[in-house]
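Input: a single structure, listed below in structure tokens.
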């Protein structure tokens, strides 16, 4: 499998542990403020991005969905409301994020429809062809091995099933690009430090977004990993992109 620049981007450059372990540690530290910072740093637009990503599944109306890197379960909660599937399973490597997600699910009384489990995107703990759809929102940048994660998600998809990925990207050249770069490089880490006490997480956000093989390059990687009918849609001047592909 090919290694990409983003595979080596880590939250804590002086740490000897793997990227996967660093990402889990980072999210454990910011879990208590994660939802608030998402809404605050995106001025609430992130919920609209998620809704548009979920609409990519309207055509197949999946009954069973796997949400990878589920975090605090924003995507499963929204998919229950939009798609009305029978069951959604969320997996994440961060126990801290899962704990907050479980509290959210309990408060919303969705425990019969959504389950959250510890799980690694590169070693998914389910059998072949287990799900009608797989989703990932702002998680593929955190994979230690991008192709391995994409291949694993395809493995657990049923034939005709669909993968939908929502991920940050960079705006095309224009008036907005300098502001975006300044915001991501300087402003977001400062706000992140003030609110969560952790600047590294939001510096990592900037570094990983800049290193990620976005757009048609990422679509090509999806094709290499066996996906077909690949589609991408840029949102909000290119700040993020929705990718979809079928098995």
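Please treat every number below as a calculation from the coordinates, not as lab data. Keep in mind it's a predicted model, so treat the numbers as computed, not measured. Every residue, glycine among them, receives a Cβ derived from its backbone with ideal geometry; neighbour counts consider all protein chains shown.
What shape does the chain have by the C-alpha gyration tensor, where a ≥ b ≥ c are the square roots of the eigenvalues, rounded means a/c under 1.5, and otherwise prolate means a/b greater than b/c and oblate the rest?
rounded
Could you check the spin-label model distance between residue 45 and residue 3? Points 7 Å from the Cα along Cα→Cβ, value in nm.
Distance between label points: 3.5 nm.
Give me the distance between the Cα centres of segment 147-195 and segment 49-116, rounded to whole Å.
Their Cα centres are 19 Å away from one another.
Let me know the whole percent of all Cα-Cα pairs from segment 111-225 that are separated by more than 20 Å.
Counting pairs separated by more than 20 Å, the tail of P(r) holds 53 percent.
Relative to the present Cα-Cα distance, how much length would full extension add between residue 115 and residue 199 at 0.36 nm per residue of separation?
27.2 nm
Quick one: of the DSSP bridges fully inside the chain, what percent are antiparallel, nearest 5?
40 percent
Once you have the Cα-Cα distance between residue 81 and residue 128, take 0.36 nm times their residue separation minus that, and quote the gain in nm to one decimal.
14.2 nm
How large is the translational diffusion coefficient of segment 69-177 in µm² per second when you combine the Kirkwood radius over alpha carbon pairs with Stokes-Einstein at 4 °C and 1.567 mPa s?
Reported coefficient: 88 µm²/s.
Report the label-to-label distance for residue 18 and residue 99 in nanometres (one decimal), using points 7 Å from each Cα along the Cα→Cβ vector.
Between residue 18 and residue 99, the label points sit 2.3 nm apart.
Which log10 I(q)/I(0) values does segment 123-170 give at q = 0.32 Å⁻¹ under the Debye formula, counting every alpha carbon as one identical point scatterer?
-1.26
What length, rounded to one decimal in nm, is gained on full extension from residue 210 through to residue 60, with 0.36 nm per residue of separation minus their alpha-carbon distance?
Stretched fully, the residue 210-residue 60 segment lengthens by 50.7 nm.
Could you work out which residue, out of 32, 143, 176, moves most in a Gaussian network model of the chain, that is, has the largest mean-square fluctuation with Cα springs under 10 Å?
176
To the nearest 500 deg cm²/dmol, what mean residue ellipticity at 222 nm is calculated for the chain from DSSP H runs of n ≥ 4 alone, each contributing -39,500 (n - 2.57), summed and divided by the residues?
-13000 deg cm²/dmol
Sorted from largest to smallest, which semi-axis lengths in Å does the alpha carbon gyration tensor of segment 7-80 give for its equivalent ellipsoid, taking the root of 5 times each eigenvalue?
Largest first, segment 7-80 gives 28, 16, 11 Å.
Please build a GNM for the chain, connecting alpha carbons under 10 Å apart, and tell me which residue among 218, 131, 27 fluctuates the most.
218
Take the Cα radius of gyration of segment 80-131 and divide it by 2.2 N^0.38 Å, with N its residue count; two decimals is plenty.
After normalising by residue count via 2.2 N^0.38 Å, the value is 1.20.
Give me the orientation-averaged projected area of the Cα convex hull of segment 1-127, in nm², one decimal.
Averaged projected area of segment 1-127's Cα convex hull equals 9.3 nm².
Which residue, 204, 227, 183, tops the fluctuation ranking in a GNM of the chain built on C-alpha contacts under 10 Å?
Judging by the Gaussian network model, the answer is 183.
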